[in-house]
Amino acid sequence: MRLNGTARRDPESPVDLEQDRIEVDGKLLRIAEKLYLMMNKPRGVVTTASDEKGRQTVYDLLPGQDSWVGPVGRLDKASEGLLLLTNDTEWAARVLAPERHLDKIYHVQIGIVADEGLLQAVIKGFRTKAGDLLRVKSARILRSGERNCWLEIILDEGKNRQIRRVFEELEVEVLRLVRVSIGPLALGQLAKGSVRALTADEKAELDDAMGLG
């Protein structure tokens, strides 16, 4: 390795990635540009880099690019909607941190017509055998049919399959689950399966919502 033109053999030599010139085997190392992407994940696509069952993954939907990005949290195979991807691992951890209380809004179709009692039950939630409290922050009816309805569910924390597990406890079938926003960032008109970069304003609004502005 050469640091600012001088050979260095100590792998623990301190460096400033933004100012120092670092060469390895004659190649100049460059800091990867930080990428912040949003995807409208379709149902049936898994949020992993590869799948032993050969199922389509979110990486199959990404345009060809040199920099690695990883999903910020997960949407299970049957869930759809807004998924963030980034190579900024510190920022991703902040988005997921429970203490940020970043609201995430879901539109959920269930197999019955909801009433006020059901809404209060999902807000109250239940305790698992491990002692975790599973509940939602708020719930309201968006529209109803004769046999099913759509609800707006808001979470300010993210536990594995949280919404589905709450409804499973109440023996209510979830027909569709779509994440439509994360904090101030809305899915909007992004087509299913499409990916785009966050605008500077969108990134700034997310940072402000997390107290990072």
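What's the total number of residues in the stretch 49-93 that are touching an Asp or Glu at 6+ places or on another chain (Cβ under 7 Å) and not β-branched (V, I, T)?
Total meeting the criteria: 1.
Using the structure shown, decide if L118 is in contact (Cβ under 8 Å) with a residue 40 or more places away in the chain and surrounded by 20 or more Cβ atoms within 10 Å (Cβ to Cβ).
no
I'd like the full set of residues that are under 25 Å from the mean Cα position of the chain (by Cα) and surrounded by 14 or more Cβ atoms within 10 Å (Cβ to Cβ), limited to the stretch 133-148.
Once the filter is applied, which keeps residues that are under 25 Å from the mean Cα position of the chain (by Cα) and surrounded by 14 or more Cβ atoms within 10 Å (Cβ to Cβ), the stretch 133-148 yields L134, R135, V136, K137, S138, A139, I141.
Of the residues L170, L212, L206, L187, which single one is in contact with a helix residue (DSSP H, G or I) (Cβ under 9 Å, 6 or more places away or on another chain), surrounded by 17 or more Cβ atoms within 10 Å (Cβ to Cβ) and touching a residue at least 40 places away in the same chain (Cβ under 8 Å)?
L206
Coordinate-derived values only; no laboratory data. Only a predicted model underlies this, so the values are computations on that prediction, with no experimental measurement involved. Virtual Cβ from ideal backbone geometry, glycine too; neighbours counted across all protein chains shown.
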